[in-house]
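Working notes for the structure below.
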Amino acid sequence: MENNRLKILNFILGLTLILSLIISSAVPQLSAQQLPPPGKVEIREVEPFVYCSLSRQGSFSDIQSAVGELMQYMQSQNIYPTGSMIGIFHGDPTLSDPNNIQWEVGFPIDQQAFVQAPLQKKQWTFTQVAVGVHEGPYEKTGETILKMRQWLEDNGYVQNGPILERYLDSDPSKTSPENLKTEIWLPCKKI
């Protein structure tokens with residue numbers, strides 16, 4: 001399953017290469033200079049942003065078809081991304097039964113964009129997040145998420161929202177798996 005996830009995410013990011021070359025990022029997101037180094041976790045305040053997504057439940061093996069559908073519907077509805085592709089995972093993709101995981105693939109979009117079904121227009125409203133960077137194969141992001149959760153616990157925080165992954169490499173097919181970078185946000189609050 002994890003090997004398929006790597007192949008699928010490489011496909012996803014390859015599809016977004018053309019879009020990322022055309023579109024400048026207008027979404028509140030952390031620049032590469034602001035990201036913590038891999039292995040370090042920082043608490044950050046982030047701005048809410050609007051995104052367009054396609055929701056799914058079940059195994060990640062459906063990611064490739066979901067991204068294809070997402071791109072097709074966005075194109076037919078003239079919806080243009082304003083930032084990098086994101087994945088949002090509700091629940092715990094590292095521990096949950098794969099058949100019950102709810103997840104989304106999407107892109108940040110302009111607030112005024114008109115979105116029609118089956119796409120959904122949503123707003124990321126979690127403003128306090130633990131930020132970490134996973135460097136390495138996509139199928140191992142779960143290891144970084146577990147370390148981030150341990151950091152939260154050790155520092156008096158608890159996760160209080162879905163996991164957000166932002167894929168930082170514009171063309172993962174030209175990046176060796178051990179050098180791929182994924183920005184991870186865990187919404188959190190002090191306990």
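The values are calculated or read from the model by the stated rules, or taken from the named source; none is laboratory data. The structure presented is a predicted model; accordingly, all values stated were derived computationally and were not measured. Reconstructed Cβ throughout: ideal geometry from the backbone, glycine too, with neighbour counts over all protein chains shown.
Values computed for the structure shown
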{"quantity": "Residue among G83, G106 that alone is part of a loop (DSSP other than H, G, I, E, B) and surrounded by 14 or more Cβ atoms within 10 Å (Cβ to Cβ)", "calculated": "G83"}
{"quantity": "Pairs, first under 12 Å from Y138 (Cβ atoms) and in contact (Cβ under 8 Å) with a residue 60 or more places away in the chain in region 171-191, second crowded, with 19+ Cβ neighbours inside 10 Å and of a type in the set (S, T, N, Q), C-beta under 9 Å, six or more apart", "calculated": "P172/N10; P177/N10"}
{"quantity": "Number of the condition not met by G156 [criteria: (1) under 19 Å from Q64 (Cα atoms); (2) touching a residue at least 12 places away in the same chain (Cβ under 8 Å); (3) out of contact with any Ser or Thr (no Cβ under 9 Å at 6 or more places or on another chain); (4) not basic (K, R)]", "calculated": "(1)"}
{"quantity": "Among (1) out of contact with any His (no Cβ under 9 Å at 6 or more places or on another chain); (2) surrounded by 13 or more Cβ atoms within 10 Å (Cβ to Cβ); (3) without any contact (Cβ under 8 Å) to a residue 60 or more places away in the chain, the one test that T141 misses", "calculated": "(1)"}
{"quantity": "Single residue of region 56-80 satisfying the filter (over 27 Å from T144 (Cβ atoms) and among the aromatic types (F, W, Y)) that is surrounded by the most Cβ atoms within 10 Å (Cβ to Cβ)", "calculated": "Y73"}
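For (1) outside any loop (DSSP other than H, G, I, E, B); (2) under 21 Å from K140 (Cβ atoms); (3) at pLDDT 95 or above, each residue gets a yes or a no:
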site: C52; (1), (2), (3): yes, no, yes
site: S61; (1), (2), (3): yes, yes, no
site: Q64; (1), (2), (3): yes, yes, no
site: E69; (1), (2), (3): yes, no, yes
site: I79; (1), (2), (3): no, no, yes
site: S96; (1), (2), (3): no, yes, no
site: N99; (1), (2), (3): no, no, no
